[in-house]
1. Using only the alpha-carbon atoms, what does the range 316-369 span along each of its principal axes? Please give whole angstrom values in decreasing order.
2. Provide the FRET efficiency to the nearest 0.05 for the A350-V508 pair, computing r from the beta carbons and using R0 = 25 Å.
3. For Q132 and L178, what does the FRET efficiency come to when R0 = 45 Å and r is the distance between their Cβ atoms, rounded to the nearest 0.05?
4. Tell me which residues come under 5 Å, amide H to amide H, from I231 once H is placed; ignore anything under 5 positions away on its chain.
5. What FRET efficiency, computed as 1/(1 + (r/R0)^6) with R0 = 30 Å and r the Cβ-Cβ distance, is obtained for T275 and R522, rounded to the nearest 0.05?
6. Please report V478, V200, V22 as a ranked list, fewest other C-beta atoms within 10 angstrom at the top and most at the bottom.
7. Which lysines, on any chain, are close to K307 with Cα under 23 Å apart, when same-chain ones fewer than 8 places away are left out?
8. Just to confirm a number: summing +1 for Lys and Arg and -1 for Asp and Glu over residues other than I90 whose beta-carbon lies under 15 angstrom from that of I90, what do you get?
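Bear in mind that the values in this text are calculations on the coordinates, not laboratory data. Keep in mind that what you see is a predicted model, and the values were worked out from it rather than measured. Virtual Cβ from ideal backbone geometry, glycine too; neighbours counted across all protein chains shown.
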Amino acid sequence: MPRYIDRLKILPFAYGRLVRIVKWSPLLITIVLLGKWTALFGGAGGWSVFESGFDGDHQFTLNLKMTLMGLALLGAMTWWNIGPRWLSLIRPAVAMGLPVATAILLTAFGSAFAVNPDVLHSEFRPINPFEQPQSWLVAMATLLLGALQQEIWGRALLQSTLQRMFGNRWVALFAAALMLSLAQGSNRPATFCSAILFGVAFIRTRSVICTTLIHATLDLSVACLQGGPLIASSLLDPAGFRAAKPLLFIGFLLLALAVELWCRRNSRGPDRVKTFAKNLLLIVAALTFCLLFGKLVWPVWPALAQKYAWLSPYLRTRAELVLQAGVTVAVLAWLHRGPPLRTLFAPRPAAALGVSLAAAMLPALAAAIAAPGEFWAAHLALPAPYAADPGLLTGVVLTIVVGAFAEEMFCRALLQPLLSRLFFSQWVGAVAGALLFTSMHTIGNEAFIFPGGLLLSIVFMRPQSIVCTTLLHVALNVSLTLTRGTTFMESAYMSTEAFDPARPVYGVLLVALTIAFEWCWRRSERARTGRLAPPPNERIPGFDPASLSP
């Protein structure tokens, strides 16, 4: 019974909303009918810049009549205190109008350039007002009056009434945009997207003058792209304009979102933007230093390759990466912009050995699950042809170890802390580091490369030890090489083709190991905190036992 009583409490709220909608419905119907009086009596509606036909004198007269009728209805609503205030409506709000108008122009010409890069060399030519003054004045007055009357009817009357009806400005915005777009016989997406932009500007300024400026700028920019009464030669042909329309619509919606975010800004937002910019510059500076240092020491490597025959091109490349990333990490640690070297090179044997042994068994387990016949039919043997040449086997092992250490030094020790600082989150930095790690490997193995990179990123995020992740990386590489082989090594268990069905299973097992490691780490952290906590009768107010953990 109490459950039904709680539901009945919603009825007064719903009843109040329903009464409010019924109360304002007659005014809404009146606005819609008066706004469509020309269509009701067989006349033509207001001209839109997205339409091709234009009759200057008729459209000018029609827009003037619609403007005067809208102003009269708006004055009556203001007199009866059921409409927006006049002082707000006629306020210029230039601080909002000019930046948005400039952004509209940039969006329009950027869309044209994206569709046709040769638009910069097109024969764009507007009508010269000195050669045809009467036509130019009629076209300009028609455009301005059309923008003004559409803003009066669409924003000051329709959107304001819908806001009073629903009690929510955002519901009113989308309802007005939907009604205006459905009223159009064609170009409904253009009407909807532009109405969203004008509506957001009206919500934030409550000024018809501001939205009229934005509306007129949008009409002029679109006329420059497709042609019109003010343009003798447009930037795009009809096919190019049709291709540019989706970019225009997306640009208008993104601009509306940018206007709303700008109006919602607070002191925290600019501070985070500044911090983001500083961290982005730090990443650029770190990568630039890494590249410049690599260029500086590059002449040393050809001499070493001539002196030592075992220094293969792959091993030399990884050794270069180790040196470049290592020096950059050391510089960042010295500047206190990265993890300290003492933490990076801490062994952490418990975490390293535990997760490495578990990861080493995953390739064989995935092969046994996905391809049991091929797995059990294979035999364990030393990889050929390295069985006959122990020196060659040593070179392969050295290449695996140095390659793993180079990737961990670059992806984990260098990039992951910088990405965590950039996005203000260790988890986002871990995922971004895993994506970069995946991009460094061969295409086609993403099913287990990305989960493996995520495992390495989270393991580094917890103990902050490059030794731990390097041991885990070596374990993953060696176990995977022994199970499926690589381009330079025959498998001891099964062929690469036979291991193909096991790739998704291997990725799922890596994800499961990542979840298990995170759960074990959090459980051990709680256990350490509990052991360090004093008895209840000796606890100090404000004391954090985790501060004593190593």
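1. If we take the Cα atoms of the range 316-369, the spans are 48, 30, 15 Å.
2. 0.45
3. The pair Q132/L178 has a calculated efficiency of 0.70.
4. I127
5. 0.60
6. Ranked by crowding around the Cβ, least crowded first: V22, V478, V200.
7. Counting by Cα, and skipping residues close in sequence, K307 has these lysines nearby: K295.
8. Net of charged neighbours comes to +3.
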